[in-house]
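Q: Quick one: the structure is below, questions incoming.
The values are calculated or read from the model by the stated rules, or taken from the named source; none is laboratory data. The shown structure was predicted, so the numbers you read here are calculated from the model rather than taken from an experiment. When we count neighbours, we look across all protein chains shown, and the Cβ atoms used for this are built from the backbone with ideal geometry, even at glycine. Ligands, DNA and RNA are stripped out before the accessible areas are found, and what is left, the full protein with its side chains, is counted by its heavy atoms. Shrake-Rupley method; radii C 1.70, N 1.55, O 1.52, S 1.80 Å.
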Amino acid sequence: MLSYLLSGGFDENFIIFIQSNFMFLESFFKQVGILVGTDLVIVLTLVIFWAFDKQLGKVMAMSYAICSALTQLIKHTFLRKRPYMTNSQIKCLQHPKTPSQSIYNLKAQGYSFPSGHTSSATAVYGSLANYLRNRYVTIVCVAIIAVVAFSRIFLGVHFPSDVLAGLIVGLVSVFLVSFLFNRFDSFWPYLILFIFMIPGMFLGGSGFHAKMSLFLGFSVGFIFEENFVNFEKPKNIKETLLRCILGIVLFLVLNFVFSMEFFDLRILKLISIFLTYFILVGIYPMLFGRINL
């Protein structure tokens with residue numbers, strides 16, 4: 001039995017089984033990935049930080065950043081092919097990660113182990129559930145994680161073992177960040193997490209470096225806000241809506257500007273990622289008190 005699992009027999013046969021018997025759910029599962037799309041996850045985290053609970057926003061952002069970086073490091077280490085690349089009976093039901101490239105181009109479509117969607121869902125929604133400790137919120141968050149995890153297997157882009165690993169990476173990120181923010185104040189959680197990530201700077205690939213830039217942008221922005229801005233919660237619904245709407249517009253503008261061809265150079269891309277999140281959590285909140293947001 002153990003040799004069967006290690007050989008990938010269970011992994012592949014399970015995917016073939018669910019693709020053969022649940023194809024009526026294809027359209028639904030193709031849309032599930034939206035729940036952990038980078039833009040949605042970031043916007044959700046930022047909205048919570050700007051308008052509802054700064055500490056929760058910080059915990060979600062750090063969990064997502066650490067989880068994303070760790071996922072990229074592991075992918076770069078194991079270099080596992082996606083299921084449909086190793087077994088012709090498995091279909092790739094998801095739109096290609098890089099549409100201009102063949103779905104069998106490993107470098108373009110990314111590695112399989114662990115599942116990034118699953119680890120991100122676990123980190124973000126797991127942090128939300130762990131922080132709020134509300135039964136109904138927990139049920140919803142667990143349901144989202146479960147649906148996202150199953151969808152990755154159904155779509156043929158991840159093995160069950162990839163998804164299991166993604167769950168573990170996500171949970172480690174949730175509880176590590178939660179422990180540090182409950183135990184330490186000021187810049188210490190960020191410094192400890194940065195030290196934790198240093199090996200990846202040398203062992204990880206370009207994907208890790210991009211996530212490291214995201215982590216640094218959030219971290220420096222949060223420290224800056226805490227020491228030089230320290231904004232308060234909005235006083236009413238009008239202020240809440242204005243903060244969120246203007247912030248989302250700023251997020252879209254920054255993404256548009258930094259997606260220009262000029263920033264395609266790797267070092268500039270990393271700097272642009274850092275600046276995006278530093279501006280969103282460190283500089284943008286400076287406007288809250290000045291224009292009654």
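Q: Got a sec? Which of Ala61, Ala51, Ala69 is touching a residue at least 24 places away in the same chain (Cβ under 8 Å) and within 16 Å of Ser127 (Cα to Cα)?
A: When all the criteria are applied, what remains is Ala61.
Q: Which condition breaks for His117 when tested against (1) in contact with a Lys or Arg (Cβ under 8 Å, 6 or more places away or on another chain); (2) surrounded by 20 or more Cβ atoms within 10 Å (Cβ to Cβ); (3) free of Cβ contacts under 8 Å to residues at least 60 places away in the same chain?
A: It is condition (3) that His117 fails.
Q: Quick check: anything in region 273-293 open to solvent by less than 20 Å² (accessible area, probe 1.4 Å) and at pLDDT below 95?
A: Yes, region 273-293 has at least one match.
Q: Could you tell me which of the residues Glu232, Glu261, Glu239 is open to solvent by less than 70 Å² (accessible area, probe 1.4 Å) and either among the charged types (D, E, K, R) or out of contact with any helix residue (DSSP H, G or I) (no Cβ under 9 Å at 6 or more places or on another chain) (or both)?
A: Numbers: Glu232 fails: open to solvent by less than 70 Å² (accessible area, probe 1.4 Å); Glu261 fails: open to solvent by less than 70 Å² (accessible area, probe 1.4 Å).
Testing whether each residue is open to solvent by less than 70 Å² (accessible area, probe 1.4 Å) and either among the charged types (D, E, K, R) or out of contact with any helix residue (DSSP H, G or I) (no Cβ under 9 Å at 6 or more places or on another chain) (or both) leaves just Glu239.
Q: Exactly one of (1) within 16 Å of Lys30 (Cα to Cα); (2) open to solvent by less than 60 Å² (accessible area, probe 1.4 Å); (3) of a type outside the set (Asp, Glu) is unmet by Ser127. Its number?
A: So the condition that Ser127 fails would be (1).
Residue-wise test of (1) at pLDDT 95 or above; (2) in contact with a Phe, Trp or Tyr (Cβ under 6 Å, 6 or more places away or on another chain); (3) surrounded by fewer than 16 Cβ atoms within 10 Å (Cβ to Cβ); (4) more than 24 Å from Ile90 (Cα to Cα).
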residue: Tyr136; (1), (2), (3), (4): yes, no, yes, yes
residue: Ala149; (1), (2), (3), (4): no, no, no, no
residue: Phe154; (1), (2), (3), (4): no, yes, no, no
residue: Val163; (1), (2), (3), (4): yes, no, no, no
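Q: Hey, another quick one. Which residue pairs have Cβ atoms under 9 Å apart, sit 6 or more places apart or on different chains, and have a first residue in region 251-280 that is touching a residue at least 40 places away in the same chain (Cβ under 8 Å) and a second that is basic (Lys, Arg)?
A: Pairs found: Ile273/Lys211.
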